[in-house]
Amino acid sequence: MKDLLKLLDLSGADIGKILDLADQLKFDAKNGIAQKPLAGKTLAMIFEKNSTRTRVSFETGIYQLGGQGIFLSGTDSQIGRGEPVQDTARVLSRYCDGIMIRTFAQETVEKLAYYADIPVINGLTDFAHPCQVLADLMTIREKFSRLDGLKICYIGDGNNMANSIIVGGLKCNMSVSVACPVGFDPHPGVIAFAGDYAGFKLTRDIREAASGADVVFTDVWASMGQENERELRKSAFSGYCVDGELMKLTNNAMVQHCLPAHRGEEITEEVFEAHASEIFDEAENRLHAQKAVMALTMGNIS
């Protein structure tokens, strides 16, 4: 695996390989077994969007694997001052062993990978959040010991999380139901991909989506960069809340939220706290899933 740009690029077997390695790296970390497949290697970390979990998990992860991360703020680096992406890619390829970028446009990540001679990892774009969903799948598999045959549902905005959950879930033989308001559907390309799967449903009815679900996902109504739409989105998403009544329709489901959470909007305080251990297991697994991605792209693991 050279890059991780989006889950659409991976097969179900590829995802399984990442999750298997993530499980092993997590076990090793918990048991004091040092694995250093990235000893002496450097990851350039470009942040054009603010971050807590992405920065800390990547920086900690590469350190645990024996390497070093270099933080590059979009406002402080030349890419933030208008340097062409292709020039940044070629310069960093001379200095570093990998690039992780958290940015807005998916085309920025794709262009970076096209011109770079080193692996590129998508830390988040407006289209996709592959690292987060790999951590989600890891967490689900820890709980159920399988992915195949489970039903997952997503309630809320058809954003990068919805796109990646749909793709990741279907590629892992799960059924996926998504409930979004009119005008806030997932990306058309993702809907087209999902159309080939009998286990996919897009609905406006959160009760229909949640019925019999084993896992319930949600996310904030207004993502980073959409703050000026906040009031409009509050109105559009009224009723798209994961609450106790909705959870009664599920198959005693676990809850996943990529964080940060706006309690009282997309999820109630009651449901969040009842499933907090699952949500923070999910947050922890960002570290281990991303270690697996770095090891497979930047290391000598095949």
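Structural remarks
- As a summary of the residue check, SER223 satisfies the conditions (1) modelled with pLDDT of 95 or more; (2) within 21 Å of the chain's Cα centre (by Cα); (3) of a type outside the set (A, V, I, L, M) except for the one numbered (1).
- Residue in the range 271-282 that is among the charged types (D, E, K, R) and more than 19 Å from the chain's Cα centre (by Cα) present: yes
- The range 10-48, subset within 18 Å of ALA135 (Cβ to Cβ) and in contact with a strand residue (DSSP E or B) (Cβ under 7 Å, 6 or more places away or on another chain), residue surrounded by the fewest Cβ atoms within 10 Å (Cβ to Cβ): MET45
- Residues that are polar (S, T, N, Q) and assigned to a loop (DSSP other than H, G, I, E, B), drawn from the range 31-48: ASN31, GLN35
- Matching entry among LYS201, LYS143 (being over 18 Å from the mean Cα position of the chain (by Cα), at pLDDT 95 or above, farther than 30 Å from ASP97 by Cα and assigned to a helix (DSSP H, G or I)): LYS143
- Residue check for PRO186: assigned to a loop (DSSP other than H, G, I, E, B) and buried (at least 20 other Cβ atoms within 10 Å of the Cβ): yes
- A residue that is out of contact with any helix residue (DSSP H, G or I) (no Cβ under 7 Å at 6 or more places or on another chain) and assigned to a helix (DSSP H, G or I) occurs somewhere in the range 60-75.
- Residue in the range 236-249 that is within 30 Å of ALA116 (Cβ to Cβ), surrounded by 13 or more Cβ atoms within 10 Å (Cβ to Cβ), more than 22 Å from the chain's Cα centre (by Cα) and modelled with pLDDT under 95 present: no
- In this structure, ILE101 does not qualify as within 23 Å of the chain's Cα centre (by Cα), surrounded by 21 or more Cβ atoms within 10 Å (Cβ to Cβ), in a helix (DSSP H, G or I) and not hydroxyl-bearing (Ser, Thr, Tyr).
- Tally, over the range 1-30, of residues that are under 22 Å from THR125 (Cα atoms) and either assigned to a loop (DSSP other than H, G, I, E, B) or polar (S, T, N, Q) (or both): 7
The values are calculated or read from the model by the stated rules, or taken from the named source; none is laboratory data. The structure presented is a predicted model; accordingly, all values stated were derived computationally and were not measured. FYI the Cβ positions are ideal-geometry reconstructions off the backbone, even for glycines, and counts take in every protein chain you see.
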